[in-house]
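Contents: one structure, followed by commentary.
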Amino acid sequence: MSNKKIEIPIIPWDNKSFARISYQLYNTENDLDKLEYSITDENSAEGKKTKELFALIDVGKVLFEWDLRYLFAKLIADKDELEFFVTHVVTPEWHFQHDAGRALDDMVTERIAEFPEYATLIAAYTARFNETIPGPVTGSLEIVQELAESGVPLFAITNFGAELWEGFRPTQQIFDLFQDIIVSGVEKLVKPD
């Protein structure tokens with residue numbers, strides 16, 4: 001293991017301190033599996049971990065990769081048609097409606113009515129959604145494991161539709177390490193609101 005360390009910033013909040021691990025932080029290093037991680041309370045004179053320290057970790061593009069193209073590139077061979085589809089039919093903006101709490105059935109029914117020629121592909125969005133998530137961000141699960149082993153309470157927050165979360169959550173044991181996970185589609189409130 002190298003001597004390099006990532007210092008995870010401690011943020012004071014409601015008389016507690018938490019480390020928010022973000023997409024930008026993860027992507028500053030290429031060899032996360034070779035790094036040591038250090039969490040210190042910069043406000044402490046000794047720079048020691050505070051007893052009330054906890055980690056708030058984002059799920060999408062922090063713990064797990066996500067892009068509609070991961071699924072639809074398997075179903076649409078033509079690159080131009082694929083780009084049209086993910087920028088005009090099943091788009092991130094359309095998907096984010098579910099993250100905000102809109103019912104998936106309503107969204108899909110409405111979209112199929114608008115683009116009937118793509119009905120089968122639109123239906124695949126629901127049936128095969130987990131294929132839009134190819135796996136974890138490199139090194140992210142190791143960080144979570146190390147934080148958990150260090151006794152740091154873990155919490156997660158995610159912009160994720162409630163119905164799609166129900167299909168994804170059980171596939172990932174790493175979430176068992178978290179004390180709570182706030183899901184935007186359940187709360188009907190997306191980050192950063």
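The values are calculated or read from the model by the stated rules, or taken from the named source; none is laboratory data. Since the model is a prediction, treat every value here as computed from it, not as a measurement. Using ideal geometry, Cβ is built from the backbone for each residue, glycine included, and neighbour counts are taken over all protein chains shown. Ligands, DNA and RNA are stripped out before the accessible areas are found, and what is left, the full protein with its side chains, is counted by its heavy atoms. Shrake-Rupley method; radii C 1.70, N 1.55, O 1.52, S 1.80 Å.
Take the range 88-134 and flag every residue that is in a helix (DSSP H, G or I), closer than 18 Å to L75 by Cα and of a type in the set (A, V, I, L, M). Selection gives V89, V108, I112, A119, L121, I122, A123, A124, A127. When you look at S184, is it buried (at least 16 other Cβ atoms within 10 Å of the Cβ) and touching a residue at least 60 places away in the same chain (Cβ under 8 Å), yes or no? Here the answer is yes, as S184 does meet what is asked. Of the residues L147, L154, which single one is among the aliphatic types (A, V, I, L, M) and in contact with a helix residue (DSSP H, G or I) (Cβ under 6 Å, 6 or more places away or on another chain)? So the residue among L147, L154 that is among the aliphatic types (A, V, I, L, M) and in contact with a helix residue (DSSP H, G or I) (Cβ under 6 Å, 6 or more places away or on another chain) is L154.
Here Y26 passes the criteria (1) in contact with a helix residue (DSSP H, G or I) (Cβ under 7 Å, 6 or more places away or on another chain); (2) open to solvent by 40 Å² or more (accessible area, probe 1.4 Å); (3) modelled with pLDDT under 50 except the one numbered (2). Summed over the range 113-147, the residues that are open to solvent by 50 Å² or more (accessible area, probe 1.4 Å), of a type in the set (A, V, I, L, M) and within 18 Å of T87 (Cα to Cα) give a count of 1.
Scanning the range 148-174 for residues that are surrounded by fewer than 16 Cβ atoms within 10 Å (Cβ to Cβ), farther than 16 Å from W66 by Cβ and small (G, A, S) gives S150, G151.
Residue by residue, here is whether (1) among the aliphatic types (A, V, I, L, M); (2) modelled with pLDDT of 95 or more; (3) touching a Ser or Thr at 6+ places or on another chain (Cβ under 8 Å) holds:
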position	(1), (2), (3)
I8	yes, no, yes
D14	no, no, no
S17	no, no, yes
K49	no, no, yes
V89	yes, yes, no
A100	yes, no, yes
